[in-house]
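Student: Starting off with a structure, shown below.
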Amino acid sequence: MSPYDLLPRFKAQYDANNQEFSISGVVRPQAIDELGPSIALLRDAIGRVRGVLYVNVRRLTQMNNAAFHTFSRIIIDACRARPDLKFVVITSSVVGWTSRKFGRLSGIEPNITVEEYDTEFYPGQGFLEEGGFVPILRTQTKMTWRHERTILPRHGMRPGIVMADVCCGIGDFAVLAQKEFQPSRIVALDHSRSSLNYARRVMREFDIRGIEYTYGDASEMLLDQAQFDLVTCRHSLQIFNRPELILKELYRICKPGGRVYITNEKNSHCLGEPRAESIRWT
Ligand SMILES: C[S@@+](CC[C@H](N)C(=O)[O-])C[C@H]1O[C@@H](n2cnc3c(N)ncnc32)[C@H](O)[C@@H]1O
């Protein structure tokens, strides 16, 4: 057993303002006793709230059956003891098993609803998913890269660094960065499966190595903190209602002393309203 195995690898929190119990990380207890404090927190939350209790499992990467049944039992029992109480379990498509597994609870108790929060995420998502965006993104990158290739080395881009490109789209920027600067590792994350599939095809066809394309949500990444020398996020902040959440995440995954590089657009016609306010903000 490594010392890492002894560290608590999950976190449970209760946010009274939002009436939200959240549990995240890897919940694989060897004995149910290890769940004691989080069970107490959930029970306490159930005892305090009226109306709806939100259960946020958006960053719950793993949970073994023993833990799943323990938490489910508490929620089901609470529904029976308190018919006035409703539970809304918030899952994410990024951790796909949560929607399937917690989804079954709504069939057992009508007062339990399960919502996958990132379906229909932002306007224009359909357009991206259908691949209509490829020529637009490609032209844009062609126009900006000639500037970026001289700007980026001033901000830490150099061979051997570890970098992340968040909202990477079809991956053109990651490919150019890999060819020109040879970082040792690039994690390129996006929430469009079709863009990532396209990016992976390009990587295979052109025999490019060292880019890890990852399906994820930029506002709640499953990446550990402080691990990248350079974190880039290009032409994307403008599409978010709450760009500050993305900024927080970009900083979180960046090493102390590393750089966060952002480019943005003044308008976003194809992704449209209501992001106009956030475009002004960013
Ligand atoms: C305008 S495109 C920019 C793509 C790329 N950075 C470029 O410069 O070509 C915005 C990208 O953000 C992605 N995106 C939108 N919401 C996201 C989220 N919550 N998490 C990760 N990616 C997201 C979209 O799928 C899309 O690929």
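The values are calculated or read from the model by the stated rules, or taken from the named source; none is laboratory data. In this text, all values refer to a predicted model and were calculated from it rather than measured experimentally. Virtual Cβ from ideal backbone geometry, glycine too; neighbours counted across all protein chains shown. Calculation scope for accessible area: heavy atoms of the full protein, side chains included, ligands and nucleic acids excluded. Shrake-Rupley method; radii C 1.70, N 1.55, O 1.52, S 1.80 Å.
Student: Which of the residues belonging to region 206-246 are over 15 Å from H191 (Cα atoms), open to solvent by 20 Å² or more (accessible area, probe 1.4 Å) and within 13 Å of the ligand (Cβ to nearest atom)?
Tutor: N241, R242, L245
Student: Could I ask something else about it? Just for region 11-29: of the residues that are assigned to a loop (DSSP other than H, G, I, E, B) and not polar (S, T, N, Q), which one is farthest from M63 (Cα to Cα)?
Tutor: Restricting to residues being assigned to a loop (DSSP other than H, G, I, E, B) and not polar (S, T, N, Q), the top hit is A16.
Student: Now for a separate question. For region 247-282, give me the residue count where each residue is open to solvent by 80 Å² or more (accessible area, probe 1.4 Å), modelled with pLDDT under 85, more than 12 Å from the ligand (Cβ to nearest atom) and under 23 Å from T144 (Cα atoms).
Tutor: 3
Student: Please specify each residue of region 37-71 satisfying the condition of being closer than 20 Å to N111 by Cβ and either in contact (Cβ under 8 Å) with a residue 60 or more places away in the chain or part of a strand (DSSP E or B) (or both).
Tutor: Matches in region 37-71: V52, L53, Y54, V55, N56.
Student: A follow-up question, please. When you check A226 against the structure, is it part of a strand (DSSP E or B) and free of Cβ contacts under 8 Å to residues at least 40 places away in the same chain, yes or no?
Tutor: No: the conditions fail for A226.
Student: Now, a different point. Within region 70-92, which residues are small (G, A, S) and open to solvent by less than 20 Å² (accessible area, probe 1.4 Å)?
Tutor: Matches in region 70-92: S72, A78, S92.
Student: Please verify whether Y198 is in contact with a helix residue (DSSP H, G or I) (Cβ under 9 Å, 6 or more places away or on another chain), modelled with pLDDT of 95 or more and either surrounded by 16 or more Cβ atoms within 10 Å (Cβ to Cβ) or more than 20 Å from K142 (Cβ to Cβ) (or both), treating the condition exactly as stated.
Tutor: For Y198, the condition - in contact with a helix residue (DSSP H, G or I) (Cβ under 9 Å, 6 or more places away or on another chain), modelled with pLDDT of 95 or more and either surrounded by 16 or more Cβ atoms within 10 Å (Cβ to Cβ) or more than 20 Å from K142 (Cβ to Cβ) (or both) - is not met.
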